[in-house]
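> What follows is a structure written as structure tokens; I'll ask about it next.
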Amino acid sequence: MEEPDILIVGAGSAGLTLALLLATAPHSQQLQIMVVDQADAPSAANVGYKRVSALNLASMRLFTQLDVWQNIAAKPAYQHMQVFEADSFAKIEFDALQSALPELGFIIDNEDLRLALYQRALEFPQITLKLGLGIAKLDATARHNLVTLSNDERILARLVVGADGANSKVRQLLKMPMMFWDYDHHALVAVVRTAEPHGQTARQVFLPTGPLALLPLADPHLCSIVWSTAPADAAELVACEPTTFNQRLTAAGQSMLGVCELQSSREVYPLKMRYVSQWVQQKVVLVADAAHTIHPLAGQGMNLGLMDVAALAELIDEKMSKQQDWQSDAVLRRYERWRKAQAQQMIATMEAFKRGFMTQHPALKLVRALGMKLTDQLPQLKNKILASALGNEGDLPLRAREKPSL
Ligand SMILES: Cc1cc2nc3c(=O)[nH]c(=O)nc-3n(C[C@H](O)[C@H](O)[C@H](O)COP(=O)(O)OP(=O)(O)OC[C@H]3O[C@@H](n4cnc5c(N)ncnc54)[C@H](O)[C@@H]3O)c2cc1C
């Protein structure tokens, strides 16, 4: 029976990043780490902007530290952001130059990122990757965890990390209590060609039915869209003829980039807020989407999960540097407290955004539009909002922080 120190369930962005963070830190690099995933190894054949994520600067710094950033094939940067409301004067714009920044963020293909992380993980002898195998059973005790994989193989691990996404099997096997609500939105994701160039601008328009994001890709006329709308509307949008879809999308986007034309298949994701009330049970801990999911309207879900794993890795390494018990309850609870505070704040912000923008009451719409206009004219307030969204401010793990300028 194999006996790694840490078994990470899930080789998504969070699971693989955690393995690399542990393997590259001064003290935790001694640990034997195993990563299992029911999916096969990522492959270049699956890269193609099917699902993309907007990564903030804190996540970029983390991947640069891990020598992963340079191996992500395409990572177009965006220099501008525009958020506005359909049928009102409400608008707020952000500009990298005005904030003395080279860029505001990057758009990466999720599979491309996974591939770069996977290839880097192969370089470390202390990381064992078992792909194409799910977990079937988990017996967690106060001392260790006995895990049975889908091929009946058994693994004994001192710590198990559930990085197995929104429908986490680890969470289900341990019956970890979770709060959730439906956002009453499904997100339609696709790649579209736009008549006008996107100009490295990430755009978000708030429609009465929900937000539509156009994220700029490397080709100046290609955008990845995330169109969150009522489930019945999303079902119609995914099934309609491409010409109808193009018309509806062009109209929904206020023709801001001219006529839009579908370039890919259309995928739909139901959106739910999930929040696990206890992230730690015995020697098992949850991270990223396994512990929380949020509305994608601000493009923060993956960024949040990456900071979870950076925090956990930091605390483990710190304990090992003092030759103390790195998987004690105190360490795991400290991680939980740290990251729960951040997740709760993000969930509340998404809820305020969603509710704030969904109201159609004329007086509230006016207040909202005035508020956005005023904010847009206050550079200090705008920079504050930006710094927090970009991961340049807040209670960040050390390896994700901005280096102080000398
Ligand atoms: C439409 C949409 C748009 C989004 N856009 C953004 C964005 O712009 N920016 C951003 O920051 N975030 C965004 N997000 C959120 C982001 O995609 C997620 O937060 C992130 O991918 C979660 O990563 P993860 O590693 O926790 O989970 P996942 O990526 O889901 O990985 C979990 C892994 O666990 C494996 N697994 C599952 N069950 C088992 C099992 N039983 N045994 C073994 N392995 C298992 C899976 O195969 C998978 O590889 C978006 C989300 C959606 C839905």
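> Please give the per residue accessible area of the chain, computed with a probe of 1.4 Å over protein heavy atoms only, in Å².
Solvent-accessible surface per residue comes out at 43 Å².
> Looking at this model, which pairs from K272/K340; K169/K340; K137/K272; K169/K272; K319/K403; K169/K322 are more than 28 angstrom apart at the alpha-carbon? List each step's numbers first, then the result.
Working: K272/K340 18 Å; K169/K340 20 Å; K137/K272 26 Å; K169/K272 17 Å; K319/K403 23 Å; K169/K322 33 Å.
Correct reply: K169/K322.
> Along the charge dipole of the chain, pointing to its positive end and built from +1/-1 on Cβ of Lys, Arg, Asp and Glu, which listed residue (F106, V160, P220) has its Cα farthest out?
Checking the options against the dipole of the chain, the answer is V160.
> Here's something else I'd like to know. Roughly how big is region 43-119's charge dipole about its Cα centre, with Cβ charges of +1 (Lys, Arg) and -1 (Asp, Glu), in debye to the nearest 20? Don't skip to the answer; put the middle values down first.
Numbers: 6 positive and 9 negative charges, 51 e Å.
Here region 43-119 has a charge dipole of around 240 debye.
> Can you tell me the orientation of helix 329-358 relative to the chain, as the angle in degrees between its alpha-carbon axis and the longest Cα principal axis, to the nearest 10?
So the helix axis and the longest Cα principal axis differ by about 10 degrees.
> Could you tell me the convex hull volume per residue, in Å³, taken over the Cα atoms of the chain?
Values: hull volume 58.2 nm³, N = 406.
That works out to 143 Å³ per residue.
> Next up: Give the angle, between 0 and 90 degrees and rounded to the nearest 10, that separates the Cα long axis of helix 13-24 from the longest principal axis of the Cα atoms of the chain.
Roughly 50 degrees, rounded to the nearest 10.
> To one decimal place, what orientation-averaged projected area in nm² is obtained for the convex hull of the Cα set of region 301-356?
3.8 nm²
> Next question, about the same structure. Answer with one residue from S255, F245, V285: the one whose Cα lies farthest towards the positive end of the charge dipole of region 242-289, charges on Cβ with Lys, Arg +1 and Asp, Glu -1.
V285
> At q = 0.23, 0.25 Å⁻¹, what is the log10 ratio I(q)/I(0) for region 255-330, with the Debye formula run over Cα points and no solvent?
Debye intensities relative to I(0), on a log10 scale: -1.12, -1.19.
> Here is a follow-up. Measure nothing but the geometry: give the 0 to 90° angle between the long axis through the Cα atoms of 362-376 and the longest principal axis through the Cα atoms of the chain, rounded to 10°.
That works out to roughly 70 degrees.
> Can you give the charge dipole size of the chain about its Cα centre, rounded to the nearest 20 debye, using +1 on the beta carbon of Lys and Arg and -1 on the beta carbon of Asp and Glu?
Charge dipole of the chain: 920 debye, to the nearest 20.
> Calculate the all-directions average of the projected area of region 130-213's alpha-carbon convex hull, and give it in nm². It would help to have the intermediate numbers written out before the result.
Numbers: hull surface 39.2 nm².
With the hull built on Cα positions only, its mean projection is 9.8 nm².
The values are calculated or read from the model by the stated rules, or taken from the named source; none is laboratory data. Only a predicted model underlies this, so the values are computations on that prediction, with no experimental measurement involved. For neighbour counting, all protein chains shown are included, and Cβ atoms are generated from backbone atoms with ideal geometry for every residue, glycine included. Side chains are part of the model used for accessible areas, which takes the heavy atoms of the whole protein and leaves out ligands, DNA and RNA. Shrake-Rupley method; radii C 1.70, N 1.55, O 1.52, S 1.80 Å.
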